[in-house]
Each structure stands twice: as C-alpha cells, then as structure tokens.
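Please read the structure below before turning to the comments.
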Amino acid sequence: MHIETDVVHGGQHPDKVTGALSPPIYQTSTFAFRDADHGARLFKDEEEGHIYTRISNPNIDLLASKMALLESAEAGSVFASGLAAIFNTVVSVAKSGEHIVSDDTIYGGTFTLLKEIMPTLGIEVTFVDATDLNKLFDTINDRTRMLFIETPANPTLKIIDIGECAKLARDKSVSLCVDNTFATPCLQRPIELGADIVLHSATKYLSGHGDIIGGVVVGKKDFNKRLWDKGKEIGASISPFNAWLILRGLKTLAVRMERHCFNAFKIANYLAKHKKIEQVYYPGLSIHRGHDLAKRQMSAFGGMIGFDVKGGKEAGKVLMNSVELCTLAVSLGDVDTLIEHPASMTHSTYNEEELRACGIGFGYVRLSVGLEYADDLIDDLEQALAKI
Ligand SMILES: *Cc1c(COP(=O)(O)O)cnc(C)c1O
C-alpha cells in the first residue's frame, strides 16, 4: 500500500470485543493474570501478553508496530520523549569505552545529551560535518559503534546523503542512525536508503497537534529487542493516552505533510524575494546547497524554513516580537505556525564557536510552517518585516 493508505489503516483493526473502529485507550498500570502460572509464564517470556504498562501496553505496541510499518522497519519501540528515544538508542549500541560519531548540526537537546551526558557514562562522542565524507571516514575508529545524523538538520536544514553515510557505515561496521523528525516517513524513508535505525521526536509532525511529548525508534528485530530490554528498565515509557494521541495524529500525517510542504514552499519563495531577508534556507529552493540531494532522497521538502534577517539578531527580535498570527515558541511540526531564534532558544546549548561551525547565525530565524492559509501567514510576516 501507499503511505497515504498505511497511515490510515496500517496495523489497525476494529476492536475484537466491541467493534470500536478507534482503538480503546488502555489507561491502566497493570494487567490481571489468569492465575499464578500465567503470570510466571509472562515474566519468563514463554507466553505473549501484557504485564505492566512500563513494559508493554496495547496502545503503545500498536504505535510501535505502525511506525515500523511506515518506516519500512522490522520493529519499533516508543518512549516518553524524543530525547528518551535517543538516550535509549545510544546506550543500546554503545557502552563505556566505546564511541559515537554525530553530525555537528543536530537539535540542541540532543547535542547536550551527546556532548555532556554520554561522556559521564564513558561513551565518547565526536562531532563532524557529515556532508564531508572524507572527514567522516577518518573520524570513525575501531571503537565507533554508531553514526548519528539528522537530515534535514535542525535548525539549518542542511541535507546529508543518507545512502552515502549508509555505505560508509557498512564499510566500517557501525550502525547508521537517522533522526527523521523533520522529514517524517511521508517524505523520506532512511531504512530504504540503507540506514539501520530511524528515530523521531513524535512530539513534532507524527502527533502533529502540539499537545504531547513522545519519541519513537525503529530498526531491525534484534536491535529492537536489545533496545527494549534496556528501555523497559530505564523506564522512560510513554503514557497510553499519549500513544493514542500520536496514533490519532498519524491518521492525517500524509495530508498534513502535503499542506506543510505547500505552505512552506510558498513562504520560502516569498521570503527569498524580500529585501529585508539576507538568505533563505529551504531544501525546496534551487539556491539551497542540498537541493539536488533533497530531490533525490526526499519526496517533498518539508515544512521547516530558516532565514537570516538583514540587521542580525536585533532585526530578528523585532520580527519575532511583531508577528501576530505566527506564535513565538519552540517546537515544530505543529498545526500552528511557530517562529523561534535557534541561537538563543533551541540551540542555546551551542557555544558561539559551535554555532559558527555549523552556520547558525545570530540573525537566523526558524519557522515551522503550520496549516493556516499560506497568504494569511505571508501577510503576517509582511507586516512584521515592515516593522524592522
Ligand atoms: C524536538 C526534537 C528532538 C527531541 O525531542 P523531544 O520530544 O523534545 O524530546 C529530537 N530531534 C529533533 C530533530 C527535534 O526537533
């Protein structure tokens, strides 16, 4: 089936008992055993069934298998947040004394997790520009277990060649993990391009309505078993209701992404012509450095735009303080259009040198284009830019 059909029907069937088309919410901590032997068998993995919601729950399992289907993966696991998904992934592939290579342009929270927290567990992390394949090759050593990339990258929308990274990772016997939050499986399926692990902040496009925090990881069956053997003990499990909300959000993912892409393309073209804008970063513009690559590995260019305002940080501030329809807030992939300043907000964990190295300027503004009518958003940006 096509993904437009899979987001609606994939893995879902009417409830066996009541016929309910929408899955019932299993808002329960624990599950009653038929008898003592049944409980013991469940704990020994000799029989399938639910024990306790930190370990498994029907809503969470349905979301995990649906995401595996959408990403062409064998299996998946769901976590309380995107960062919990990344933490559990890293500690499942690497242990103390081992090494991770990450692209230098990643979500600020992930950057801190890898740069500050992982070394306290003895896991060393090297940051490198993964578009430079020679440098990337040299950075991987015999203790390296994983290569981590985001593409399009948060917040600069840098595009990294997933297929080339996968080849390199295979040659060096390390896993390639792609954070697919910006693209979603509707626009890009990294596993089909050779990646081993794909993860998401489900907080963003997957749920789509800005009302929950969640994370998803998918990959091979044996990796997923290792991941969840640890994950259920680390305990960053999602609530059944949040899993249910993500499942509901997924039903409209394909149509939402179409509109996000349509609006973003229109706004990127508007901004590119605006005299108060220095530069626009949108993979769908032919001037974007990664445009040709994005055309090859993505089916459309997404709903995220970055731009440098002429006049730097102060001009950017005037813009962000003057918008009326767009909301000044972090997060992304929401129905509502959100505008923010990465250097002082989502990526404030980067120091000045690190910001410069990955090209996040002080006048750089990030726009998560929502589902409003594009011309209404353009009118709002127009009146706000006029105040600069
Ligand atoms: C938001 C985000 C994360 C972190 O996800 P949370 O759900 O906030 O924990 C990870 N990666 C990317 C690309 C993000 O945008």
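Worth a mention:
- Computed log₁₀ I(q)/I(0) - Debye formula, equal Cα scatterers, no solvent, region 1-160, q 0.16, 0.18 Å⁻¹: -1.05, -1.15
- Gaussian network model of the chain, Cα within-10 Å springs - most flexible of S22, S102, S348: S22
- Nearest-20 debye value, region 255-385 charge dipole, Cβ charges on Lys, Arg, Asp, Glu: 500
- Springs between Cα atoms under 10 Å define the GNM used for the chain, and in it the highest mean-square fluctuation of G311, G290, G249 occurs at G311.
- Within region 255-385, the proportion of Cα pairs with more than 18 Å between them is 52 percent.
- 3J(HN,Hα) along region 143-149: 9, 6, 10, 8, 10, 10, 9 Hz, from the Karplus curve 6.51 cos²θ - 1.76 cosθ + 1.60 with θ = phi - 60°, whole Hz, x for Gly and Pro.
- By the rule of a C-alpha distance below 19 Å, with chain neighbours fewer than 8 residues away ignored, the lysines paired with K251 are K66, K204.
- With the alpha-carbon atoms of the chain aligned to their principal axes, the span from lowest to highest coordinate is 73, 52, 35 Å, starting with the largest.
- 3J(HN,Hα) from dihedral phi, region 253-268, Karplus parametrisation 6.51/-1.76/1.60, rounded to Hz, x for glycine, proline: 4, 5, 6, 5, 4, 4, 6, 4, 5, 4, 5, 5, 4, 5, 6, 4
- Contact order for the chain, expressed relative to its length and based on alpha carbon pairs under 8 Å spaced 6+ residues apart, stands at 17 percent.
Just so you know, all these numbers are worked out from the coordinates, no wet-lab data involved. The model shown is predicted, which means the values in this text are computed figures rather than measured ones. Cβ coordinates were reconstructed from backbone atoms using ideal geometry, including for glycine residues, and neighbour counts include every protein chain displayed.
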